[in-house]
Amino acid sequence: MVMLTGMSSVPIELVLIIMENATLKDLYNLTQTCHKFYELGKTSRRYWQDGSDCQERLILPTGHTLETVPIEQLISLAARSLSIAEALEHEIITPKSFVVSPSRSWTTHNEIGHLALPGNAWFVDWGNESVSIRRNEAGWEHISCRLGSDEDLSKPFQYKVLGDGAIMLAFVASNARGHSAQPEGQDHGIIRTIHVRFPDERGDPAAPVISHKQDFIFPHRVHNLYMSGDIFIAEASSSVQLLNYATRAGVLLLFADDYELDSDAGLIFQISIHEQANKLRINGGWLRGQDEPESQRRFVRRVIALANYPHDILDPRDSSLDEASDISWTSIPFQLTHLFNEPRWPAATIQPLPAGLLASAICIRDFEIVEPSVEEGEPEAQHYVSLLLHDDRLVAYETDTVVRPDPRGQPAVPDAGLASFEGPWEAPKDVIDVPILDSKTKQVKTMHLALPTHCARMLAYRVAGWDSLRGRLLLNAAFEFKENGSASRLLYAIQY
């Protein structure tokens, strides 16, 4: 805790130096001591930018960064973040409010699509044959912004916060054939970007506004889209397509005929740019039961791979190009440089983390290995492993171990900002026990969450996401099962 005694007589420039790397709580507490420091918190962006955890803990309005949010809002935003954190320390946490999405009929093959946007309660919803932006906030339920048809825009999407209340959304567009900008007779891919400006959340409910749309034509049909900064990473059947949309420089990384993950049973499920290693990072694996229903497929082997990243072509050069400029595509071979097979337990290749790991080691990815229980009812262990790049080799070290006393119990919900999660269906009760996995400490803490009385009629519930930063729970609730196996379902966004 920063000592505040006598601080009121210290010059402001010196205060800013003293408070560098202070916590959000310390920064907020100082603004409550006197008018001088209250005005400092309302007028100095640097005061908050230099905090040790402000970037992580401040709940900013959607479309804003710490660099663009109105300065005068920062004190109240800090107070809200700290109030939520304090409320979550109670033994039984009671809800402050909740919002219910419109009821829809659903089955296993017809789920409501919802993906949270960065900021405060806005999400993208696939439903009723359209894709729209909505807000899970009391009084805003009737507000929406239609982005397009659900047949035209595929999920999931990618986004980039632009600042000043704007976000760029990027979708794989389904109507690639017949697009006016592509050569006739060729089946190219389209990435559609939509710039959306969000309203001031302190005012009356208002819909976001689309300010700009643009299509980017790719040489090959896009199966999956990823994004890293200004770079689109578009996976195709025979290539990885990289495009710097700011400079309009594109690279086709062409798979060789013997590329392993391009086989029938091979699957790439994430590609990203690892800037520190200056590589492409690929998470993939091989499936058993490729032709079986999704519930019956199993991973035979998971891999983490690194590939050469053509930074010399894609790094920003001339960002003054206008929208009419053609994309310049360069074709080069896709080259894997490192390949690591994720082991199963027992994992003889995984060593304990050494006390003096060299600073030159680069963390490529963290993953988990489950040590199953020997007998039914005995605890199982979750081993957390870091894969490091050191001396041009991939080495894996165990960093944490968490023991689950009851492996048959409810799986821990990742505390990952309402990331997609599908827990098991549970019988309803007034207070539900939700195990939350802290992504940093790897520890599991059980939260005792009281449900709104509105949930009393539900037949079953399933946790769909948890965000401790915002104190918000997403809950699927089933009502009135029908003869054909479908049911009426409500999606609750519960604020604690």
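The values are calculated or read from the model by the stated rules, or taken from the named source; none is laboratory data. Predicted model only: the values in this text are computed from it and were never measured. Cβ atoms come from the backbone with ideal geometry, glycine included; neighbour counts cover every protein chain shown.
Screening the stretch 307-322 for residues that are part of a loop (DSSP other than H, G, I, E, B) and modelled with pLDDT of 60 or more and picking the one that is surrounded by the most Cβ atoms within 10 Å (Cβ to Cβ) gives Tyr309.
Out of the residues in the stretch 259-285 that are within 17 Å of Ser239 (Cβ to Cβ) and part of a loop (DSSP other than H, G, I, E, B), which is modelled with the highest pLDDT? Checked the stretch 259-285; the qualifying residue modelled with the highest pLDDT is Tyr259. For the stretch 447-496, the set of residues classified as in contact with a helix residue (DSSP H, G or I) (Cβ under 8 Å, 6 or more places away or on another chain) and modelled with pLDDT under 80 consists of Phe479 only. Listed here are the helices (runs of 4 or more DSSP H) enclosed by the stretch 1-103 that have at least 2 residues being more than 22 Å from the chain's Cα centre (by Cα): 12-18, 24-31, 35-43, 45-49, 74-87. Taking the stretch 205-221 as the range and being farther than 17 Å from Phe123 by Cβ and either outside any strand (DSSP E or B) or without any contact (Cβ under 8 Å) to a residue 12 or more places away in the chain (or both) as the test, the residues that pass are Pro219, His220, Arg221. For the stretch 243-258, the criterion of being at pLDDT below 90, touching a helix residue (DSSP H, G or I) at 6+ places or on another chain (Cβ under 9 Å) and aliphatic (A, V, I, L, M) is met by at least one residue.
Sort out which residues of the stretch 414-432 are more than 14 Å from Tyr461 (Cα to Cα) and at pLDDT 70 or above, and write them in order of number. Once the filter is applied, which keeps residues that are more than 14 Å from Tyr461 (Cα to Cα) and at pLDDT 70 or above, the stretch 414-432 yields Pro414, Asp415. Annotation for the stretch 444-457: no member residue is among the aliphatic types (A, V, I, L, M), part of a loop (DSSP other than H, G, I, E, B) and closer than 27 Å to Val370 by Cβ.
Looking across the stretch 382-393 at every residue that is closer than 19 Å to Trp345 by Cα and among the hydrophobic types (A, V, I, L, M, F, W, C), the one that is surrounded by the fewest Cβ atoms within 10 Å (Cβ to Cβ) is identified as Leu387.
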